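The next block holds one structure in the form of structure tokens; read it before the comments.
The values are calculated or read from the model by the stated rules, or taken from the named source; none is laboratory data. Bear in mind that the values here come from a model prediction, so they are computed numbers and not experimental data. Glycine also receives a Cβ, built like all others from the backbone with ideal geometry; neighbour counts cover every protein chain displayed. Side chains are part of the model used for accessible areas, which takes the heavy atoms of the whole protein and leaves out ligands, DNA and RNA. Shrake-Rupley method; radii C 1.70, N 1.55, O 1.52, S 1.80 Å.
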Amino acid sequence: KEALSSWDPTVIYVEGGNTFWLQHCIDKGEYSQLIIDACTGESGSVYCGKSAGAIVAGDDVSTATWKGWDDPTVVPNRETYDDWIGTKGFQFSESLSYFPHMSDDWIELVNGKVKGQKCNNTCCLREEEVCCIKGENKKTFVVSAAPEC
């Protein structure tokens, strides 16, 4: 917590894992506001999120329920996917949620979910991509490690 509140970090990188467990730890450890403050202040840090780290950066973490990859039973009293619908992330970018590990295999699923939830603001990230949000103006961009053609 000291690193977030007094070190004035330039970059905060949050890696993947089980999205539900990550969100639980952020909530239980009361890290949410510290990370938001560090990333949106006057000299705001760049937040970079990969996989679960991208999902929690978004408006809503329910995109973690779409594939069924993450196990919600790791969090007591929130053990079903339905328990996570509507759970807010950091909300760095207004009404934008993230769907990581995108591939052609998931196009139909994503299109159906986006249409069904009437949330047109879902940023799909390929395996090699990281979402980044910069400072107070919350400029959003994607960094890719894909080889150049």
Original post:
Using 7 Å Cα-to-Cβ label points, what is the ASP37/ASN121 separation (nm, one decimal)?
Top reply: 2.5 nm
**OP:** Keeping all protein chains in position, work out how much accessible area VAL46 exposes to a 1.4 Å probe, and write it in Å² to the nearest 10.
**Re:** 30 Å²
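What length, rounded to one decimal in nm, is gained on full extension from ASP82 through to LYS138, with 0.36 nm per residue of separation minus their alpha-carbon distance? It would help to have the intermediate numbers written out before the result.
Numbers: separation 56, 0.36 × 56 = 20.16 nm, distance 2.93 nm.
So the extension gain works out to 17.2 nm.
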Subject >> Check: the chain dipole with +1 on Lys, Arg Cβ and -1 on Asp, Glu Cβ, in debye >> reply: 280 debye
Original post:
How about LYS115: which lysines have a C-alpha closer than 24 Å to its C-alpha, ignoring those fewer than 8 places off in the same chain?
Top reply: LYS67, LYS88
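Could you tell me what percent of the accessible area of the range 1-67 is made up of carbon and sulfur, with a 1.4 Å probe and every protein chain present?
Working: 1580 of 3000 Å².
C and S atoms contribute 53 percent here.
Could you provide, to the nearest whole Å², the per residue accessible area of the range 7-149 with probe 1.4 Å? Walk me through the numbers on the way to the answer.
Details: 7890 Å² over 143 residues.
Counting only protein heavy atoms, the per-residue value for the range 7-149 is 55 Å².
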